[in-house]
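The values are calculated or read from the model by the stated rules, or taken from the named source; none is laboratory data. What you see is a predicted model; the values in this text were computed from it and never measured. Here the Cβ positions follow ideal geometry from the backbone for every residue, glycine too, while neighbour counts run over all protein chains shown.
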Amino acid sequence: MKAPELITATFFDALGAGRAAALAEVPADGAEWIHDVIRERAPQARICLDSYHAVARANKALEKLRRRLAAGLRATGEAELADTRWAVIKNPGDLTSGQKTTIAALARINSPLYRGYLIKEQLREIFKAGPGRGHALLAGLISWSARCRIPEFARLGATLRRFRDLIWNTLETGTTNARVEATNTHLRALTKRAYGFHSPGALPNGSCRVPPGGTSAPCGRLGSGSRWRVSTLNRPGLRVLG
């Protein structure tokens, strides 16, 4: 058994056979070594391809396409794809007025990048559509990707075809890793804010609960006896409450 598989197997050892047997759905990022262990240790569980990681694959394909096209334009001395990186990966509702103008310009002057952008956005909409309509949209997207003549998205389409059943499971159950991913982000933020202190006590202990949205919450005690509280996850630094 390889090291990544061993890590997943160790998790199931700690979970125990009883709780593993109670699992109904397991969201994952598409790593086959995770799937293999789940099928062995919790065969009744439906494996779901997490929507965040699925869209992240599309964003990665889009960035590879953008870089390839930009390199080609530089080699020929034509205008480069300036200010397109963030415009094509952000959610449409979060675009600034300038980024909306950039997307509109891509529709006119750079068909491959714009088509890649549309494929990425269609994948996002599939996870919002739910079962039924989502199944039909996914079939259409896989077909579109296969015939789009964009190598990066043809490969993405092949990946989506391979994971089609797992995406169906996600659409039918609504299972997502979103809360876990958010918690990981919070813990990384806390770890970063503990840099520079002289003891591990600067990192809030396991009893610390970090709620979403930046609400203050007690975070254990340091050796000095002061209690730490996260004032907000959107502002730098931790605040000491005496």
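Observations on the structure shown:
- Search result, residues across the stretch 13-27 that are within 25 Å of A56 (Cβ to Cβ) and either part of a loop (DSSP other than H, G, I, E, B) or over 22 Å from the mean Cα position of the chain (by Cα) (or both): L23, A24
- Residue within the stretch 103-125 that is outside any helix (DSSP H, G or I), under 13 Å from D83 (Cβ atoms) and in the same structural domain as R147 (by TED's automatic domain parsing) present: yes
- Boolean, R68 is closer than 18 Å to C148 by Cβ, outside the structural domain of D29 (by TED's automatic domain parsing), out of contact with any Pro (no Cβ under 7 Å at 6 or more places or on another chain) and crowded, with 17+ Cβ neighbours inside 10 Å: no
- Selection of the stretch 155-179 for residues being under 17 Å from the mean Cα position of the chain (by Cα) and free of Cβ contacts under 8 Å to residues at least 60 places away in the same chain yields L171, G174, R179.
- Count of the stretch 128-145 residues which are among the hydrophobic types (A, V, I, L, M, F, W, C) and touching a Phe, Trp or Tyr at 6+ places or on another chain (Cβ under 9 Å): 2
- Yes/no for R149 being basic (K, R), at positive phi and assigned by TED's automatic domain parsing to the domain that holds P112: yes
- Within the stretch 143-162, being hydrophobic (A, V, I, L, M, F, W, C) and buried (at least 20 other Cβ atoms within 10 Å of the Cβ) holds for I150, F153, L156, L160.
- Residue match in the stretch 28-49 (condition: free of Cβ contacts under 8 Å to residues at least 12 places away in the same chain and in a loop (DSSP other than H, G, I, E, B)): yes
- Which numbered condition Y52 misses (of (1) loosely packed, with under 13 Cβ neighbours inside 10 Å; (2) in a helix (DSSP H, G or I)): (1)
- In the stretch 1-17, the residues that are of a type in the set (K, R) reach residues that are surrounded by 12 or more Cβ atoms within 10 Å (Cβ to Cβ) with C-beta atoms within less than 7 angstrom, at least six apart or across chains, in these pairs: K2/W33.
- Matching option when the condition is among the hydrophobic types (A, V, I, L, M, F, W, C), touching a helix residue (DSSP H, G or I) at 6+ places or on another chain (Cβ under 8 Å) and under 22 Å from H35 (Cβ atoms), among I142, I150: I142
- Considering only residues in the stretch 16-32 that are surrounded by 15 or more Cβ atoms within 10 Å (Cβ to Cβ) and hydrophobic (A, V, I, L, M, F, W, C), the one that is farthest from I119 (Cα to Cα) turns out to be A20.
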